[in-house]
Amino acid sequence: MPDKPRRVAIIGGNRIPFARSNSAYAQASNQDMLSAALDGLVTRFNLEGERIGEVVAGAVLKHSRDFNLTRETVLGSRLSAETPAIDIQQACGTGLQAVIQVANKIALGQIDSAIAGGVDTTSDAPLALGDDLRQILIGLNNAKTNAQRLKLLAGLRPGQLIPAIPRNEEPRTGLSMGEHAARTALQWGVTRAEQDELAARSHQRLAAAYERGFQDDLLTPYLGLTRDQNLRPDSSVEKLAKLKPVFGGPDGTMTAGNSTPLSDGASVVLLASEEWAKERGLPVLAYFAGAETAAVDYVHGDDGLLTAPVYALPRLLERDGSKLGDFDLYEIHEAFASQVIATLKAWSDPVFGKERLGLDGAFGEIDPDKLNVNGSSLGAGHPFAATGGRIVAALAKELDQRGGGRGVISVCAAGGQGVVAILEK
């Protein structure tokens with residue numbers, strides 16, 4: 001183990017364009033998509049036959065057959081079969097948490113290189129049997145005679161054959177993520193105009209990033225897509241203002257335009273020690289500089305489901321010795337426009353800063369010109385576990401192109417959790 005933690009280099013990333021649910025990737029599995037992203041990374045950085053220290057990735061929605069998803073993906077890739085792999089899952093924080101996990105091992109000298117990422121398909125979400133049918137099938141398996149089996153089958157009703165449809169809801173509240181976000185939007189007075197403005201800006205900035213070639217070495221085309229399917233370069237506040245609310249009732253402010261759609265996709269990021277990168281002649285885009293994970297009691301307390309980053313970032317910056325305004329770039333994952341704006345309002349509220357964050361006043365404010373400068377999830381889409389890798393790769397590249405600086409990443413996650421991190425160069 002080194003005397004002090006080693007610097008962790010971010011070499012680059014790769015993803016496939018994100019697709020809307022039940023469209024371009026409707027026939028692709030999680031392993032198909034993660035393999036495409038991983039193989040693109042292998043090609044880009046000449047990793048054929050390389051034994052990587054670890055590959056860590058995960059999916060929020062996956063079939064039981066995918067219990068060893070990441071290892072199976074590695075075995076089907078052009079990496080050395082001697083590369084170990086681990087599956088992890090922390091809802092929408094999975095991709096960033098994978099980066100943190102391998103970065104810590106590289107810093108401690110346990111491994112010299114790693115690939116972190118995530119994948120998710122809402123098109124191929126597992127369908128579960130109802131409990132009644134499951135009990136009947138167990139009974140059939142245990143039956144000793146045909147008479148016993150016929151008796152069980154005779155009791156089967158058509159309604160028991162209907163699978164349990166996957167739902168995007170929190171088990172402890174029965175509310176969808178959008179319904180939770182609508183509550184938080186109301187709590188913080190987030191307006192429809194604010195949300196539509198942020199959503200339009202996300203599309204416009206991502207479109208501009210594509211036009212100037214920023215995405216060229218971050219993407220591998222897949223199944224006919226060369227750009228994110230959800231992207232609408234002509235998106236505008238005026239067009240978004242015409243959409244009807246989908247969360248928060250008839251008077252709600254959240255629409256299909258200022259909320260991310262269900263999406264399919266995968267992303268991966270290559271990290272390494274500086275020595276490993278130098279030996280292979282691979283330039284360093286940025287360095288991993290710290291992370292924090294937080295959780296809130298959204299079931300019994302006053303905090304919203306997606307507000308944990310509000311607490312995570314002040315803790316991280318206290319340890320880092322920095323202030324919110326000290327950074328050059330800010331990447332706040334856009335699950336919903338309202339969730340981003342509520343987060344900004346909480347950080348800029350002096351009462352919240354004193355009473356909930358334990359500060360002398362407001363945590364601080366962020367210059368909109370430094371926030372999600374190449375667009376984010378509202379434009380790209382949000383395949384849950386793939387979002388962290390997309391953000392890390394894009395922020396590292398932006399820092400490199402600017403010749404240096406520091407950037408913050410904030411990702412909210414189901415279960416009242418949040419993951420934040422700092423990159424620098």
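Summary table below
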read-out	value
Any hit, the range 37-58, residues being open to solvent by 30 Å² or more (accessible area, probe 1.4 Å), in contact with an Asp or Glu (Cβ under 9 Å, 6 or more places away or on another chain), within 29 Å of Met177 (Cβ to Cβ) and not in a strand (DSSP E or B)	no
Pick from the range 1-31, criterion farther than 26 Å from Glu424 by Cα and aliphatic (A, V, I, L, M), ranking: nearest to the chain's Cα centre (by Cα)	Ala19
Cβ pairs under 7 Å, 6+ apart, first in the range 388-402 and in contact (Cβ under 8 Å) with a residue 12 or more places away in the chain and under 21 Å from Cys412 (Cβ atoms), second among the charged types (D, E, K, R) and buried (at least 24 other Cβ atoms within 10 Å of the Cβ)	Gly389/Arg15; Arg390/Arg15; Ile391/Glu331; Leu395/Glu331
For Thr83: the one exception among (1) within 24 Å of Thr226 (Cα to Cα); (2) in a loop (DSSP other than H, G, I, E, B)	(1)
Every residue from the range 301-322 that is under 22 Å from Ala337 (Cα atoms) and part of a loop (DSSP other than H, G, I, E, B)	Asp302, Asp303, Gly304, Leu305, Leu306, Thr307
Failed condition for Ala28, given (1) in a loop (DSSP other than H, G, I, E, B); (2) open to solvent by 10 Å² or more (accessible area, probe 1.4 Å)	(2)
Flag if Tyr298 is aromatic (Phe, Trp, Tyr) and part of a strand (DSSP E or B)	no
Residues located in the range 404-425, provided they are under 15 Å from Val296 (Cα atoms) and either open to solvent by 10 Å² or more (accessible area, probe 1.4 Å) or without any contact (Cβ under 8 Å) to a residue 24 or more places away in the chain (or both)	Ala414, Gly415, Gln417
The one condition in (1) closer than 24 Å to Lys370 by Cα; (2) part of a loop (DSSP other than H, G, I, E, B); (3) within 19 Å of the chain's Cα centre (by Cα) that Val284 fails to fulfil	(3)
Pick from the range 308-320, criterion in contact (Cβ under 8 Å) with a residue 40 or more places away in the chain and open to solvent by 20 Å² or more (accessible area, probe 1.4 Å), ranking: farthest from His180 (Cα to Cα)	Asp320
Residue selected from the range 183-221 under the condition of a type in the set (Gly, Ala, Ser) and under 18 Å from Gly249 (Cβ atoms), by the criterion surrounded by the most Cβ atoms within 10 Å (Cβ to Cβ)	Ala185
Within the range 258-301, considering residues that are among the acidic types (Asp, Glu) and in contact (Cβ under 8 Å) with a residue 60 or more places away in the chain, the one most open to solvent (accessible area, probe 1.4 Å)	Glu275
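The values are calculated or read from the model by the stated rules, or taken from the named source; none is laboratory data. The structure presented is a predicted model; accordingly, all values stated were derived computationally and were not measured. Cβ: placed from backbone, ideal geometry, glycine included. Neighbour counts: every protein chain shown. Remember, those area values only see protein heavy atoms, side chains included, never the ligands or the DNA or RNA. Shrake-Rupley method; radii C 1.70, N 1.55, O 1.52, S 1.80 Å.
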